[in-house]
Amino acid sequence: MKFNQDIISVLQSTIKKKGWISLPSEGNSMFPLIQQGEVCRFESFDPATSKKGDIVLFWSTDGKLVAHRVYKMGNTFICKGDTNLRFDEPISLERILGKLVSIKKQNHEIKLNHSMVTFWSKLILTFPFICTILRVYLTRRDKNREAG
């Protein structure tokens, strides 16, 4: 879904005023951690307390809201979805809306500081070939759904 600058401004002011914002997920770039329709809660982003492996919400140059994992921090941030094979375009700090703190699944909520989520983050950062395995799985799953 694409957002114009007016909507981005509303999201920025909401997260600044309330300290957080919750949005439903779309797509499967962060599968299996985040799945289609799960509600993601983002808090204000503070680069001083952020680290490699965090998941940030930002808007891309084509106006899409994206929540992907941080791989490199500096003058720009390099991010990528866990099932994506390529990195996103470099993003500036000004385009980051927030940092993911929890995911509301069907009947429970997962905090991003949970030990299993921390383990997954370290695993995906350490063994990048997992992204390819996940992409192959999702492609086959989607083909089977279409055929079925």
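Can you list the strands (runs of 3 or more DSSP E) found entirely within segment 40-148 that contain at least 3 residues being among the hydrophobic types (A, V, I, L, M, F, W, C) and either within 17 Å of the chain's Cα centre (by Cα) or modelled with pLDDT under 95 (or both)? Before you say what the answer is, go through the steps one by one.
Numbers: elements: 55-59, 65-72, 76-80, 96-104, 109-111.
Qualifying strands (runs of 3 or more DSSP E): 55-59, 65-72, 76-80, 96-104.
Say we look at segment 92-113 and pick out the residues that are under 24 Å from LYS72 (Cβ atoms) and of a type in the set (Gly, Ala, Ser); which of these is surrounded by the fewest Cβ atoms within 10 Å (Cβ to Cβ)?
Once the filter is applied, the top-ranked residue is SER92.
Taking only segment 1-33 into account, find how many residues are over 19 Å from SER60 (Cα atoms), of a type in the set (A, V, I, L, M, F, W, C) and part of a loop (DSSP other than H, G, I, E, B).
Total meeting the criteria: 2.
Here are some conditions: (1) surrounded by 11 or more Cβ atoms within 10 Å (Cβ to Cβ); (2) over 26 Å from GLN12 (Cα atoms). MET116 meets all but one. Which one does it not meet?
Answer for MET116: the failing condition is (1).
Just need a number here: residues in segment 6-39 that are free of Cβ contacts under 8 Å to residues at least 12 places away in the same chain and more than 14 Å from the chain's Cα centre (by Cα).
8
Name every residue in segment 44-77 that is over 21 Å from LYS2 (Cα atoms) and either touching a Gly at 6+ places or on another chain (Cβ under 7 Å) or among the charged types (D, E, K, R) (or both), in order of residue number.
Those that are over 21 Å from LYS2 (Cα atoms) and either touching a Gly at 6+ places or on another chain (Cβ under 7 Å) or among the charged types (D, E, K, R) (or both): SER44, PHE45, ASP46, LYS51, LYS52, ASP54, VAL70, LYS72.
The values are calculated or read from the model by the stated rules, or taken from the named source; none is laboratory data. Nothing here was measured: the structure is a model prediction, and the numbers come from that model. A quick note on method: Cβ atoms are made from the backbone with ideal geometry, for glycine too, and the neighbour counts reach across all protein chains shown.
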